[in-house]
Amino acid sequence: MASTKTYAARAEGYANPAARSLLELMDRKKTNLCVSVDVTRKSSLLRIIDAVGPSVCLVKTHIDIIEDFDEDLVSQLQHLSSKHDFLIFEDRKFADIGNTVALQYSRGVHRIASWSHITNAHPVPGPGIITGLASIGQPLGRGLLLLAEMSSAGTLAAGAYTSAAIDMARAHRDFVIGFIAMKRFDGQEDFLILTPGVGLDVKGDGMGQQYRTPREVILDRGCDVIIVGRGIYGKGEGSDDDVIKAQAERYREEGWKAYLERTGQ
Ligand code: S5P
């Protein structure tokens, strides 16, 4: 049912502020594109985010790969988030006991909870990982995604593991807003489905990544957000701005067209 409802209509059903803001801004900005920026220099990260900003609802970071990370990077990231109207998703993939992830989320040099609207976790430790992350993130209005499935070949996140992840999310709907998954799951509850492994030009990367098109992901599989990395920014520290902007718009248009078709608009 969630797959045929509009993002705007679904926003009203979420108590979690991050989920609500994300759905509202997707509707306002007409984009279901999340750009994943996996570069290693602060200047490249900010340049690429500024270039894709107008086309995206969400920017996904791997903050621990930045070699010259500093406090100023966080300020500039927050500035770009307001300038272009997108949310920030730190793809931290927490995977430890509750007490440890609470520290990893709030402390260390990165202090992820202080700037990242959304983060994610592997369900492998059991529900304590949600309790730990919620103790930090919930008072700040943050949202959590569970990795119920993965895009890589041979992933162990399948079958009974995926079902258990869904059950864990159901028990914590105030903080768990959805999943990293390859398809929408049946069920009464509305969860956000964010899907990586999206590419228009290639099928894989020689290291296990597997790509599907925005249309397959949004229309055929009923997912909500396409996560695109190298298909947009290119290789290494990224292509020229003009190329990146054009690629971001190309993916935004594909993703949005598939959503309009799915919702019968
Ligand atoms: O199953 C997954 C989950 C994630 S979050 N498969 C993924 O590829 N990701 C992330 O999405 C991955 O860590 C990377 O940052 C991004 C995909 O990048 P691309 O360059 O292959 O589009």
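Listed by first and then second residue, the pairs linking a residue in the range 169-186 that is within 15 Å of residue 138 (Cα to Cα) to a residue that is open to solvent by 10 Å² or more (accessible area, probe 1.4 Å) and of a type in the set (Lys, Arg), with Cβ atoms under 8 Å apart and 6 or more places separating them unless they lie on different chains, are 175/142.
Just checking, does the range 226-248 include any residue being open to solvent by 30 Å² or more (accessible area, probe 1.4 Å), in a helix (DSSP H, G or I) and within 10 Å of the ligand (Cβ to nearest atom)? Talk me through it step by step, then tell me what you get.
In the first step, residues of the range 226-248 are kept if they are open to solvent by 30 Å² or more (accessible area, probe 1.4 Å); the result is 230, 235-237, 239-243, 245-247.
The next check asks that each one be in a helix (DSSP H, G or I); those that pass are 230, 241-243, 245-247.
The next check asks that each one be within 10 Å of the ligand (Cβ to nearest atom); those that pass are 230.
The answer is yes, given that some residue of the range 226-248 is open to solvent by 30 Å² or more (accessible area, probe 1.4 Å), in a helix (DSSP H, G or I) and within 10 Å of the ligand (Cβ to nearest atom).
In the set 66, 88, only one residue is more than 29 Å from residue 169 (Cα to Cα) and open to solvent by less than 30 Å² (accessible area, probe 1.4 Å); that residue is 66. For first residues located in the range 100-124 and of a type in the set (A, V, I, L, M, F, W, C), partners that are part of a loop (DSSP other than H, G, I, E, B) and lie 6+ apart or on another chain with Cβ distances below 7 Å form the pairs 109/69; 113/142; 118/142; 121/95; 124/95.
Assess whether residue 190 counts as being within 11 Å of the ligand (Cβ to nearest atom) and either in contact (Cβ under 8 Å) with a residue 24 or more places away in the chain or of a type in the set (Phe, Trp, Tyr) (or both).
In short, no.
Every test in (1) under 24 Å from residue 47 (Cβ atoms); (2) more than 12 Å from the ligand (Cβ to nearest atom) is passed by residue 265 save one, and that test is (1).
Among the residues of the range 24-36, how many are within 15 Å of the chain's Cα centre (by Cα) and surrounded by fewer than 24 Cβ atoms within 10 Å (Cβ to Cβ)? Before the answer, list the steps.
Initial filter on the range 24-36 (within 15 Å of the chain's Cα centre (by Cα)): 25-26, 31-36.
Then drop every residue that is not surrounded by fewer than 24 Cβ atoms within 10 Å (Cβ to Cβ), which leaves 25, 36.
Residues flagged as within 15 Å of the chain's Cα centre (by Cα) and surrounded by fewer than 24 Cβ atoms within 10 Å (Cβ to Cβ) within the range 24-36 amount to 2.
Residue 204 meets all of the listed conditions (1) over 28 Å from residue 15 (Cβ atoms); (2) open to solvent by 40 Å² or more (accessible area, probe 1.4 Å) but one, namely (2).
Of all residues in the range 37-55, exactly one satisfies the criterion of being open to solvent by 10 Å² or more (accessible area, probe 1.4 Å), away from the ligand (no atom under 16 Å from the Cβ) and closer than 23 Å to residue 217 by Cβ, namely 54.
For (1) among the small types (Gly, Ala, Ser); (2) touching a Leu at 6+ places or on another chain (Cβ under 7 Å), each residue gets a yes or a no:
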residue	(1), (2)
177	no, yes
199	yes, no
214	no, no
217	no, no
235	no, no
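Looking at the range 143-162, which of the residues that are closer than 17 Å to residue 173 by Cβ and part of a strand (DSSP E or B) is nearest to the ligand (Cβ to nearest atom)? Residue satisfying both the conditions and the ranking: 145.
The values are calculated or read from the model by the stated rules, or taken from the named source; none is laboratory data. Note that the structure is a prediction, hence the values are computed from the model and not measured. Glycine also receives a Cβ, built like all others from the backbone with ideal geometry; neighbour counts cover every protein chain displayed. These accessible areas exclude ligands, DNA and RNA; they are computed on the full protein's heavy atoms, side chains included. Shrake-Rupley method; radii C 1.70, N 1.55, O 1.52, S 1.80 Å.
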